[in-house]
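See structure below.
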Amino acid sequence: MFLIFGLRTKAVRMGFVAAMCRVCGQEGSLLLVRESTKLTLFFIPLVPIRTEYVLHCMNPVCGARTAVGAGQARRLLAAGTGSLR
Ligand SMILES: [Zn+2]
């Protein structure tokens, strides 16, 4: 009998937040993305392995990704400039 295990990462756009990019220093809207990785069995996501919050810089020259903690992500969203959901 075969068991097919795997990992799948799903990215969910949480919304734009008002923050400053740590790489290029541009102030404005950064896109907050929640990336959750789940263990899959027969390609069906079952067990959550880890969840990360990442800020994507919207500056086309920079495009940096900065990881933030869950608490900081919640605070940024609460004070955010607009939500996609
Ligand atoms: Zn940047």
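The values are calculated or read from the model by the stated rules, or taken from the named source; none is laboratory data. In this text the structure is predicted, and so the values were computed from the model without any measurement. As a convention, Cβ positions derive from the backbone with ideal geometry for all residues, glycine included, and neighbour counts pool all protein chains shown. Heads up: the accessible areas ignore ligands, DNA and RNA and are worked out on the full protein's heavy atoms, side chains in. Shrake-Rupley method; radii C 1.70, N 1.55, O 1.52, S 1.80 Å.
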Counting each DSSP H run of 4 or more residues in the chain as -39500 (n - 2.57), what helix-only mean residue ellipticity at 222 nm follows after dividing by all residues, to the nearest 500 deg cm²/dmol?
-> -3000 deg cm²/dmol
Once Lys and Arg get +1 and Asp and Glu get -1 on their Cβ, which of 61, 14, 45 lies farthest toward the positive end of the dipole of the chain?
-> 45
Mind ranking 64-75, 24-35 by how tightly packed they are, going by the mean number of other C-beta atoms within 10 angstrom, highest first?
-> 24-35, 64-75
Ratio of Rg to Rh over the chain (Cα coordinates, Kirkwood Rh, two decimals) | 1.11
Can you pull out the chymotrypsin sites (Phe, Trp or Tyr not before Pro) in the stretch 1-74 that DSSP calls coil and that have at most 11 other Cβ atoms within 10 Å?
-> 2, 42, 43
Normalised contact order of the chain, rounded percent, pairs of Cα under 8 Å and 6 or more residues apart | 32
Could you pull out every residue, at least 5 positions away or on a different chain, whose amide H is within less than 5 Å of the one on residue 26? Hs are placed 1.01 Å off N in the peptide plane, and Pro or chain starts have none.
-> 21
Using a 1.4 angstrom probe, figure out how much accessible area the chain has per residue, in square angstrom, rounded to the nearest whole.
-> 68
